[in-house]
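Laboratory data are not the source of any read-out in this text; all were calculated from the coordinates shown. The shown structure was predicted, so the numbers you read here are calculated from the model rather than taken from an experiment. Neighbour counts are summed over all protein chains in view; Cβ atoms, including those assigned to glycine, are modelled from backbone coordinates with ideal geometry.
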């Protein structure tokens, strides 16, 4: 059971300030994604799947329907319906896996990629502008911190 925590030391107060900043950032991301979801006329799961595809594509990773299901924590049947919706609306394509003829990979369409960046590009550029004000060492610490927070949340 969680209990309320009260900062006792300057370090505790600094930790609290960082966690409050993380919460504020999360709220801002939620608002941004809510606006994108409405603008792109899709539900939260659809948008989350597109974000996952964008991130994996940028890392050069292929995405299977199973990967989508695991990422969204939804059933195979729900994943099929989601992919059917995204395919019908022109956001994704199911293509043969490059090395396994029995498998499929999910790929963003060019139009979907353009629409995603049309909605997100300006914000991404502004976020990049903030990041460039930090040194490489500071950015490494920030990245490590965010990765570790993500890992803690992913375990739950």
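Put a dot 7 Å past each Cα toward the Cβ at residue 75 and residue 17; how far apart are the dots in nm?
4.9
Please compute the volume of the convex hull spanned by the alpha-carbon atoms of region 6-110 and report it per residue in Å³.
Each residue corresponds to 143 Å³ of Cα convex hull volume.
What's the angle, to the nearest 10 degrees (0 to 90), between helix 44-58's Cα axis and the longest principal axis of the chain?
Roughly 90 degrees, rounded to the nearest 10.
If you line up the long axis of helix 10-39 against the longest principal axis of the chain, both from Cα atoms, how many degrees apart are they, to the nearest 10?
With rounding to tens, the tilt is 30 degrees.
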